[in-house]
1. Order these peptides, 160-173, 95-108, by their mean beta-carbon neighbour count within 10 angstrom, highest first.
2. Pull out the extension gain between GLU67 and ALA201, defined as 0.36 nm times the separation in residues minus the alpha carbon to alpha carbon distance; nm, one decimal.
3. For the range 83-234, what is the charge dipole size about the Cα centre, in debye to the nearest 20, if Lys and Arg each add +1 at the Cβ and Asp and Glu each add -1 at the Cβ?
4. Kirkwood Rh and Cα-based Rg: tell me the resulting Rg over Rh for the chain, rounded to two decimals.
5. Quick one: dipole size for the range 1-130, taken about the Cα centre, charges +1 on Lys/Arg Cβ and -1 on Asp/Glu Cβ, in debye to the nearest 20.
6. Ratio of the range 133-253's C-alpha Rg to 2.2 N^0.38 Å, to two decimals?
7. Taking the Cα centre of the chain as origin, sum charge times position over the Cβ atoms of Lys and Arg (+1) and Asp and Glu (-1), and report the length of that vector in debye to the nearest 20.
8. Ranking request for peptides 23-30, 175-182, 230-237: highest mean number of other beta-carbon atoms within 10 Å first, then the rest in descending order.
Amino acid sequence: MSLASGSSGNCYYLGANGYGILIDAGIGIRRIKKTLKDSGIGLEQIMAAFITHDHIDHIQSIGSLAEKHDIPVYTTQKVNAGLNCGKYGKKLTFSRRIIEKENPVGIKDFEITAFNVPHDACDCVGYLVVYKQHKWVLATDVGHIDDTVSNYIRIANHLVVEANYDREMLQHGKYPAFLKSRISDGYGHLCNSETAVFLAANFNFHLKNIWLCHLSKENNRPELAYQTVETEMEKRGIRIGKDVNLNVLKRDMPSELFLLE
C-alpha cells in the first residue's frame with residue numbers, strides 16, 4: 001500500500017499476518033496513522049521503518065514514529081549520521097538500527113535487503129522485501145538504472161519503480177535550467193521513457209505487478225506515465241492486464257491495499 005508517493009511525501013506499507021513495516025515516512029504522523037487506520041491497520045502493528053535516503057520528503061515523520069511510538073528505524077550509517085547530528089532541525093534520539101547494503105535483515109517473516117541506488121543524496125537505497133514466494137522491490141529516486149538496480153528489478157514479482165517526469169514536459173516547463181539539469185543528469189530521477197524502455201527490454205513473466213511511483217506534479221501526468229510504459233510493453237508483445245498488472249501511484253492520496261497472491 002502506498003500512503004503517498006511524490007516530492008511532497010513518500011510512505012509505503014507492507015504487511016502480513018497482523019504486522020508490517022513502513023518504508024519511508026515523508027508525510028505527517030497524523031496522516032500516517034489515519035491512512036493506516038482506514039485500512040484496519042494500527043500503528044502498534046508496525047515493527048520497523050526503513051529509510052531510502054535523507055531527503056525531507058522521505059523522513060519527515062521518522063522522529064515522531066520512533067520517539068513517540070517506539071518503532072525502530074533502519075538506515076545506512078551515512079543517513080544515520082545525518083539524522084544524529086541534528087541536520088534536520090533537532091537532534092533525533094530515537095532507536096536506530098544500522099543496515100548494510102546487500103546484507104539482509106529479518107523482521108519476523110520478512111527478509112529485507114537494501115541495495116544501492118544512484119541519487120543526489122548522501123546515501124540512497126532501494127529495498128527488496130522477500131515474504132514466502134513473493135519478492136517485492138522498491139526503486140525510487142533513481143538517477144539512472146545501473147547494474148545493481150537492474151539486477152534487483154529483474155528478480156521482482158512485485159515492483160514499485162520511479163517514473164518521475166516526461167522528458168518533453170520537463171524540457172519545455174517553467175523549471176529553471178539548473179533544476180532541469182539536476183533532475184535529468186543521471187543522479188536525479190528517472191523519466192517515463194527510461195523506465196518504460198528498461199521494463200520492456202527486461203521483462204520476465206514472474207513479474208506480476210508494476211506500480212509507477214514518485215510522479216512529478218509539474219512535469220508528468222499519471223495517464224502519460226501509464227501510456228508510455230504500456231506502449232513500450234506492447235511493442236514487445238507484453239500485454240498489460242494479462243501478462244502483468246500496471247498501476248500509477250498517486251502523489252497525495254493513498255492507494256488501495258493491494259493483496260499479493
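1. 160-173, 95-108
2. 43.8 nm
3. That gives a dipole near 780 debye.
4. 0.95
5. 500 debye
6. Taking N as the residue count of the range 133-253, the ratio is 1.02.
7. Taking the Cα centre of the chain as origin, the dipole is about 580 debye.
8. Order by mean packing, descending: 23-30, 230-237, 175-182.
Readers should treat all values here as calculations from the given coordinates under stated rules, not as data from a laboratory. Bear in mind the structure is a predicted one, so any value in this text is a computation, not a measurement. A quick note on method: Cβ atoms are made from the backbone with ideal geometry, for glycine too, and the neighbour counts reach across all protein chains shown.
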